[in-house]
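Working notes for the structure below.
The values are calculated or read from the model by the stated rules, or taken from the named source; none is laboratory data. Quick caveat, the model's predicted, so the values are computed rather than measured. Quick reminder, even Gly has a Cβ in these numbers, built from the backbone with ideal geometry, and neighbours come from all protein chains shown.
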Amino acid sequence: MKAKSKPSEKKSAAGAARGPERARQTRARAVPRNGAQTIIDFLESVGVEVIFGYPGGAVIPLYDALYDSKIKHVLARHEQGAIHAADGYARSTGKPGVVFATSGPGATNLVTGLATAHMDSVPVLAITGQVSTTSLGSDSFQEADIYGISIPITKYNYLVKDPRSLPGILAEAYRLTAYGRPGPVLIDVPKDIQTTLIDPGNLLPDSVPLRFEPTPTPDLRALEAMVEAISISQRPVLYLGGGATITNTGDDIVKLVEKADMAVVATLQAKGVFPDNHPLCLGLPGMHGSKYANLAISESDLILGLGVRFDDRVVGNVRRFAPLARVVHVDIDPAEIGKRLPVDVAVIGDLGEVLSLALKRLKDNRRPAWRERVADLRASFPMAIPVAGKEIRPQAAIKALSDRCGGKAILVTDVGQHQMWSAQYFEADKPRHFLSSGGLGTMGFGLPAAIGAQMANPGKLVCLVTGDGSFQMNVQELATVTQMGLPIKIMLINNGCLGMVRQWQQFFFNRRYSQTLFDYNPDFVELARVYGLKAERVESPGKVAGAVERLVGGKGAAFLEVRVPRDENVLPMIPAGMGQTDFFETEEGGN
Amino acid sequence: MKKILSIMVRNRPGVLSHVAGLVTRRGYNVESIAAGPTENNEITRINLVVSGDGPILEQVVKQFRKLVDVIRVDDLTNDEPVTGELALITVRAEGLRRAEALNVINLLGLKLSDIKEDSLTVLVAGTAINVDMAVNGLKPYGILAMARTGLVALSRPPAPSQGS
């Protein structure tokens, strides 16, 4: 049924098309198209504008079909780069990111990207080539069972074995990526399916079609219990997660906070949904959250989790998390309720709907004492950047970038210390403006994700903060930046080591720095120049502001290496599995 | 604690991999798994017996509901479901012990499926208790091989395959 409805979708998409475009689409309806052309036709019909990918033997027909299409293609330099770029595209827009890769190694190179998108609920459609159905299962050249491999790291996946099922699969797969809780979906398409003509009049209907049911309306009793919990609370904390970004509920969240004087903490995936500079915004909770955020959680009598997973990096010790608080959890995914933490009230539904229903029922309830306490906590335990000596403090460099961008940039980070400093010191006040691999913590995510974000937002300032470890994991994508002419601004925090692991070794492994210190690093400035970027290095604190100005203010792609000391740590820190008030104190005192 | 689940799935290729994969990657304790067609041949019923503590078992149900191919998950544990299991047991039966083994087989009302000079194969059909009884009764003679299907279960009255 779905498959047959495609021509009509096409018709509506082509409503405004004229001249050769209309002629081409009319032809498309009249003449049977092969599998590869069917894929491209479908992607055009749903409005896909960019595909990220890398060709290979098993997708030559697919790329041949793409040759005639108006869809832009970003040629990455590694399939991992391609899928992270599709992910960055999706994170910055909410629209599914599309990635192509060939069979075997091409497909297996997508694995990390699929897992990254899966963990952070990002809609990505991956289409891989596969050896022909006649050779499947015989260990042919470049054959890998990506269907089997990707089962645990996708929302759903397909191996197309009958060309007549392809149109239905495409429609279902694309819709699945963003339906309910978003996630990556993979379609493995054998080469002969790509070359077989598909007769639109002879499709294989799905006998038990997937029903895309609307999100159930929230249970009113649960909703009333939530409103009641908020009303009687004296010290409420709003804990925002990726669900708040996905549902774009920032405005209602601001209303809720102002109605109820709630303190707000936001995970990496929610950063920017609620403005970082709001007096009630306490930033990141958990392991590297501010002391005031974690103290507010430990003092609060109500944790209202909106679209969160109660991740171990936030919660730490489950038994000691927010000991005085009732916990209310709102999520679209029933399986998240009680997965890690028992909750008192669970509301299952679309966050937008839950919030608007709750706002109607909530009375204004000001809590001056709690506001004052929150202000006290902020004043007593400020997030202070250590004073600069001769060397640059990485936090100060990131703060300088934040100040220069003034809330206008999409910031993409890699993974490690610089990621946490970015979360702490880079101010975001809009959703989808802070893109970071939170759940999986994928080093090498940053540069390709920035490419995807810039492709999706051509007129926008896109900055990447990366580290000398992460950057080299997908450094080849600098070629993509230059080839596509993307004006990405890259700040590399170079501490000559794998800083986050080094920090753990310092704190918990008796300073035995096993394999975390880079005795050799390339000359990053030269490296960036070789790839065609304007590049410079900054080594003294006094020159940071000027260098950041040249980085952000200039035209085109630019690169700034910031040399920082090896032994700078991310503080405050709550060691893994500890309670919210167990701040790790260093001999330096921390902050 | 134990749960008997009935999982109705779309009969698509790979659906068993999705179900089995979920069990392994989330570390659930599965005692038995049995899959087969239903009255609608596009739908497969998977009966799963899982053990664990309360919250984990609740998670199992929710995680299965999340699988795209899953149409519905029913927890039959407290419904006093109709259950059944099938087993083939080959037992040693030589010399004098042969008569004794046959005696037990008759006593339990088991059906002989194969007769060899030194062994007998019986078919047990019944509840899990019937199968356990047969296993225990034949154990003293030496069980040479055994195949059990795992529990299949239906709620009573049977739920339609594609209910709401």
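Listed values, structure above:
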| quantity | calculated |
| --- | --- |
| Filtered residues of the range B:124-160 (kept if assigned to a loop (DSSP other than H, G, I, E, B) and either over 15 Å from B:Ile105 (Cα atoms) or of a type in the set (A, V, I, L, M) (or both)) | B:Thr127, B:Thr149, B:Gly150, B:Leu151, B:Ser155, B:Arg156, B:Pro157, B:Pro158, B:Ala159, B:Pro160 |
| Meets criteria (under 27 Å from the mean Cα position of the chain (by Cα), surrounded by 15 or more Cβ atoms within 10 Å (Cβ to Cβ), of a type in the set (D, E, K, R) and part of a loop (DSSP other than H, G, I, E, B)) for A:Glu561 | no |
| Pick from the range A:153-201, criterion closer than 30 Å to A:Leu440 by Cα, of a type in the set (A, V, I, L, M) and not in a helix (DSSP H, G or I), ranking: farthest from the other protein chains (Cβ to nearest Cβ) | A:Val189 |
| Within the range A:33-136, strands (runs of 3 or more DSSP E) holding 2 or more residues that are over 22 Å from A:Met455 (Cβ atoms) | A:124-130 |
| Restricting the range B:44-74 to residues that are β-branched (Val, Ile, Thr) and farther than 23 Å from B:Ala128 by Cβ, the residue that is nearest to the other protein chains (Cβ to nearest Cβ) | B:Val68 |
| Which listed residue, of A:Lys555, A:Lys534, is more than 27 Å from the chain's Cα centre (by Cα), assigned by TED's automatic domain parsing to the domain that holds A:Gly499 and among the charged types (D, E, K, R) | A:Lys534 |
| Leading residue by the ranking (surrounded by the fewest Cβ atoms within 10 Å (Cβ to Cβ)) among those in the range A:207-224 that are part of a loop (DSSP other than H, G, I, E, B) and modelled with pLDDT of 90 or more | A:Phe212 |
| Hits in the range A:159-180 - residues which are touching a Phe, Trp or Tyr at 6+ places or on another chain (Cβ under 8 Å) and within 14 Å of B:Val68 (Cα to Cα) | A:Ile169, A:Ala173, A:Tyr174, A:Arg175, A:Leu176, A:Tyr179 |
| The listed residue being part of a helix (DSSP H, G or I) and either modelled with pLDDT under 95 or under 15 Å from the mean Cα position of the chain (by Cα) (or both), out of B:Leu48, B:Leu5, B:Leu57, B:Leu88 | B:Leu57 |
| Failed condition for A:Asp162, given (1) in contact with a strand residue (DSSP E or B) (Cβ under 6 Å, 6 or more places away or on another chain); (2) within 30 Å of A:Pro205 (Cα to Cα) | (1) |
| Identity of the residue in the range B:31-43, within 15 Å of the chain's Cα centre (by Cα) and either surrounded by fewer than 16 Cβ atoms within 10 Å (Cβ to Cβ) or among the basic types (Lys, Arg) (or both), that ends up farthest from the other protein chains (Cβ to nearest Cβ) | B:Glu31 |
| Scope the range A:160-173; condition touching a Gly at 6+ places or on another chain (Cβ under 8 Å) and either surrounded by fewer than 22 Cβ atoms within 10 Å (Cβ to Cβ) or farther than 20 Å from A:Ala107 by Cα (or both); matching residues | A:Pro163 |
| Verdict on B:Val82 being in contact with a strand residue (DSSP E or B) (Cβ under 9 Å, 6 or more places away or on another chain) and within 22 Å of B:Asp132 (Cα to Cα) | yes |
| Every residue from the range A:307-355 that is among the β-branched types (Val, Ile, Thr) and in contact with a His (Cβ under 8 Å, 6 or more places away or on another chain) | A:Val308, A:Ile337, A:Val343, A:Val345, A:Val347 |
